[in-house]
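Read through the structure below, which is laid out as structure tokens, and then see the notes.
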Amino acid sequence: MRNNPLLRAALFACVLALASCATPRDIVYLQDAADAATIQHIPAQPIRLKPMDQISIIVNCREPEITAMFNLPYYTRRIGENQSLSSAGASNMGTSTSAQYISGYTVDSDGCIDFPILGRISIEGKTRAEVCEFIKREIIASGQAKDPVVTVEFMNLGFSVLGEVTRPGRYRIDRDQFTIFDAISLAGDLTINGERQSVTLVRHGREGDEIHKLDFTQVDRIYNSPAYYIQQDDTIYVIPNDKRRRESTVNGNNVRSSSFWISLATLATSVAVLIIRK
């Protein structure tokens with residue numbers, strides 16, 4: 001009976017069926033993190049401005065007439081914690097919680113903006129804090145004001161999330177030190193069919209695009225990645241896992257279907273029982 005080829009084939013079919021129906025294990029984030037552990041990560045990387053970025057710059061001084069000199073006409077925009085960006089502009093995904101005063105400037109291809117009174121100034125490669133300090137120093141040096149307060153906010157900076165997430169789309173960056181976890185949270189987290197060990201982040205730059213692979217199941221590979229902090233215009237793509245890819249081929253190749261293997265396993269078991277009883 002041990003050498004019966006039908007029995008061996010039946011048992012082999014059962015093993016394949018069980019393997020094909022196994023539940024993927026790698027769906028838990030940071031699997032190797034110890035309880036109450038302090039996780040070290042790469043130094044914070046604030047967003048640095050580049051051409052085509054849009055920012056708001058508001059200058060306030062004690063004298064209203066001097067304040068008006070340094071500000072373009074501005075308007076008030078209602079903002080909330082969760083906003084996405086559509087091709088037509090900003091669209092709210094949550095309840096508006098505050099107002100933001102906008103006086104917009106677009107960084108040109110040379111990395112400069114035309115600022116009232118000060119003229120053409122270069123801000124490419126600067127952080128928000130550095131732009132604030134630079135404009136403040138220039139205003140004081142011009143002798144127009146002694147104690148200006150400068151506020152810089154992002155306007156159009158965002159990133160895109162595609163693939164196996166709950167809400168794919170383009171989302172707004174509203175602060176510095178915006179992490180990959182912040183980005184995935186805005187997109188509603190990965191679906192159960194998202195591949196957590198190979199999330200792709202594409203970073204666009206003047207010299208070309210950088211490709212980064214992120215593993216959400218391993219602490220070191222996520223917290224020490226150059227892509228841990230999100231930059232403007234990043235694209236995040238979550239590929240489907242093996243289960244999802246198998247489902248996509250069911251109509252074209254029924255042998256990959258789980259129902260096919262379950263039926264085969266049932267048939268193989270029945271054949272094995274009949275052989276043993278003989």
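Here the spin labels are modelled as points 7 Å beyond Cα on the Cα-Cβ line, and at ASP220 and THR266 they lie 4.8 nm apart. Net charge in the neighbourhood of ASP108 (other residues with Cβ under 12 Å of its Cβ; Lys, Arg +1, Asp, Glu -1) is -2. Treating r as the C-beta distance of ASP182 and GLU65 and R0 as 41 Å, the FRET efficiency rounds to 0.50. Maximal additional length on extending the ASP110-LYS136 stretch stands at 7.2 nm, based on 0.36 nm per residue less the C-alpha distance. Label-to-label distance for ARG246 and LEU162 is 2.7 nm, based on points extended 7 Å past Cα in the beta-carbon direction. For ARG48, no residue 5 or more places off, or on another chain, has a built amide H under 5 Å of its own.
Average projection, convex hull of the Cα set of region 158-240: 5.0 square nanometres.
The slack in the chain from ASP147 to ARG120, taken as 0.36 nm per residue of separation less the alpha-carbon distance, amounts to 7.5 nm.
Rule-based calculations on the coordinates, nothing more; no lab input. All figures in this text were calculated on a predicted structure; none of them were measured in a lab. Backbone-built Cβ (ideal geometry, glycine too); neighbour counts: all protein chains shown.
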